[in-house]
Structures are given as C-alpha cells and as structure tokens.
Amino acid sequence: APLLFGELLAFDQDGAAVQRARESLTQTRVPFRADIQDLFAAQPVRLDGPAWILSNPPYGERLKVDFTLAELLSQLDRVYRPERVGLLVGEKQWRAFQPPAETALRLESRLSFQNGGLPVQFLIFSRS
C-alpha cells in the first residue's frame, strides 16, 4: 500500500518508551525517527511538507501533568507548525481547556469515550 506520509517522527521524554517505539516501527516499511525530546525545551523543527500530529499526553489521573492542554497545543504549533493535531486527553483537561490565542489551530471535532476506565476526549485541531 502506498505510504500516506513521508516519515513518522516519534518523540517522548522517556527513553524506554522511545526504545519500544523504535522496536515497533522497525517492523514496518515506514521511514521513521524516534528520539528523546522535551517538547517544552525543543527548538522549532523544519519539516519537508505538511505535518500531522497524534499525541496521547498524560491525563493527570495516574501521571503528574505540569502543563495545560492550551500550553501543549501552543508548543506543538510553535515547534512543528502542523496542519492537524489529534490529542487524546483526560476529561478534566478538556473541561479546563481555554483555546490559546497565539495559535492558528482550531478545534474541528471531538469524540468522548472511556480509555482504561477513564473518561477521555479525542480532539482534532486543524490550522485555520
């Protein structure tokens, strides 16, 4: 099947998670990069072509979260300038969400469901 994307980029602060991603992606025919990265300390990345981001940040239920959903969205926009962003977030994060003024990413759709017993939202943002 033809590839929909030129390259997959996988980033996490946890080295073990990055290693698991490398092992999984090596079994595919998709070109990829998997690196340890702190999004909030990253410099802007120049990509060849449009970017789509899918992220499952901590919900703050089981793992501590030291950023808001608006801060995460702003950082993703600042570093990658994506065309679209899909975020799987906790219900509490969603209820506290105030769209950041400094991003051109706008909420396009939202789906509610349970993930491991926790109420979550899958949010899709598009560049306006």
- With x for Gly and Pro, the residue-by-residue ³J(HN,Hα) of region 7-13, computed from phi through the Karplus equation 6.51 cos²θ - 1.76 cosθ + 1.60 at θ = phi - 60° and given in whole Hz, is 7, 9, 10, 10, 9, 7, 7
- Rg and Dmax [Cα atoms of region 1-127; Å; Rg one decimal, Dmax integer]: 14.9, 41
- Message: Report, to one decimal in Å, the Kirkwood hydrodynamic radius for region 34-102 based on all distinct Cα pairs.
- Response: 13.0 Å
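How compact is region 2-45 by the rule of thumb for globular proteins, expressed as Cα Rg over 2.2 N^0.38 Å?
1.23
Values quoted throughout were computed directly from the atomic coordinates according to the rules given, and no laboratory measurement underlies them. Everything numeric here is computed off the predicted structure, so don't read it as measured data.
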